[in-house]
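Comments concern the structure below.
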Amino acid sequence: MSPILNVLRTHPTFRNIWFGAMISAFGDNLAWLAMSWFVLEKTDSGAAVGLVLLCFALPAMLTAPLIGRLLDHYQPRTIMFVDNVARALIFVVIPLLEVLGALPMPLFYVLAVMSGALAPATQVGLRLLVPSLLPKDDLVAGNSALSLTQQLPLVLSPLIGGVVTARLGASAAIALNGLSFFALCWAIWRLPDFIRGVTNANSSEPHVELGMRLPFKFPAVAMAMLLSGVFFFTYGPMEVALPIFTKETLKSDAQIYGLIWSVLGVGSVIGGSLTPTLARWPRQGVLLALICGCWGLMQALLGVSTNVWVICVLMFVGGVAWGPYLAIEASLIQRNVPKSMHGRVFGARSAWLTPTAPLGTAVGGALLTFMHLGC
């Protein structure tokens, strides 16, 4: 952990962003668990759970390339700030409408689409900030620290989210997420100005205007994206299957559901802390493939157990494997792509990869529906 702690200690602006992203991710995990359970309780349908997750994810296919281009042209601070304020309002409005009895499912899906359309501004912007705020030698440590903002909240937020959802209802957990966005707003507003402006057509940097095709002009980036697409698609069915598996097979409630995800979070934090050491591996592509294989094995074993503690052990091991993946992939992209093109490359990457996990989730939901009809 020492390289990660050193980056946080010596770069205060990055540290502020890190803390804001941590609090925001904590709220996101509360809302994600609560919304899955909310939809399941409202509809008793795995397909409906898959649909709402699609609503959150698929809009990025259209908005991420545009947002990436804006981030290359204009100040990330402004774009990311608008995103976080808007999404804060969306997640405050959802429980308010539910309390008033004015939240039909179609409106819920519309609000999910709006949130999903805005999200790439922060997702892409955070990766763009790492090489802008840190020296090149600290890229891996900075990306590892940033990945920990997604992994550390998984330790407690699903468990807390399960308790809040079970005791106070899903609306309370969703409202907490709305408030959490303001922590990241504070950190974003304190960012300095960066030199912006896309390189012109006469520059020595090629492929300036290729948009969605841009990542494929860098072979290492293209291969990493292909691997990630397979990885995320095969992960998708677990998101829709796990709440139903917890409720029907394990005969448990939202608290156990939250516990299972928290165990995954513990494993991912441990795995993520190993990233600076693993980054010394000379064949980063092989390392990414090994991580995918280990995660796939753990998923396969989940399907043959009905014991809660065995499930927790498997999720922990899977979390350890998953932990370093995104930081290693992000560092690989940042090192192979000119800095002036990071916004567009990460935006295009988001557009290509964002649908993969939700499509996997939709396939899982359809299979669950078919199996229920078959029964």
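Gyration tensor analysis over the Cα atoms of the chain returns equivalent ellipsoid semi-axes of 32, 24, 20 Å (largest first, whole Å). Ordered by the count of other Cβ atoms within 10 Å of each Cβ, fewest first, Lys136, Lys217 give Lys136, Lys217. Relative to the longest principal axis of the chain, what angle (0 to 90°, nearest 10) does the C-alpha long axis of helix 325-336 take? Orientation of helix 325-336: about 20 degrees from the principal axis.
State log₁₀ I(q)/I(0) for the stretch 50-93 at q = 0.15, 0.24, 0.31 Å⁻¹ as given by the Debye formula over alpha-carbon point scatterers of equal weight, solvent excluded. Scattering profile of the stretch 50-93, log10 relative to I(0): -0.48, -0.96, -1.04.
Binning the C-alpha pair distances of the stretch 82-140 at 10 Å intervals from 0 yields a P(r) profile of 20, 35, 22, 14, 8, 1 %, listed from the shortest bin outward. Angle check, please: helix 60-73 long axis (alpha carbons) against the longest principal axis of the chain (alpha carbons), in degrees 0 to 90, nearest 10. Here the helix axis deviates by roughly 30 degrees. Computed from the C-beta positions of Tyr74 and Leu274, the FRET efficiency with R₀ = 25 Å rounds to 0.10.
Report, in degrees rounded to the nearest 10, the 0 to 90 angle that the Cα long axis of helix 120-133 makes with the longest principal axis of the chain. Between the helix axis and the principal axis of the chain, the angle is about 40 degrees. How high is the relative contact order of the stretch 274-375, in percent, counting Cα pairs under 8 Å that sit 6 or more residues apart? Computed value for the stretch 274-375: 28 percent relative contact order.
Each of Ser2, Ser273, Ser45 was scored by other Cβ atoms within 10 Å of its Cβ. Listed from fewest to most, they are Ser2, Ser45, Ser273. With q set to 0.14, 0.25 Å⁻¹, the log10 of I(q)/I(0) for the stretch 204-302, from the Debye formula over equal scatterers at the Cα positions, is -0.75, -1.34. Percent of alpha carbon pairs in the stretch 1-155 separated by more than 18 Å? Result for the distance tail: 63 percent. Sorted on the mean count of surrounding Cβ atoms within 10 Å across their residues, most packed first, peptides 286-296, 181-191, 339-349 read 339-349, 181-191, 286-296. The stretch 107-160: percent of C-alpha pairs farther apart than 15 Å? Value for the stretch 107-160: 63 percent of Cα pairs lie more than 15 Å apart.
Overall size of the stretch 253-375 from C-alpha positions, given as principal axis extents largest first: 54, 30, 26 Å.
Any read-out appearing in this document is the output of simple, stated calculations on the displayed coordinates, not a laboratory observation. No experiment lies behind these values; they were computed from the predicted model shown. Cβ: placed from backbone, ideal geometry, glycine included. Neighbour counts: every protein chain shown.
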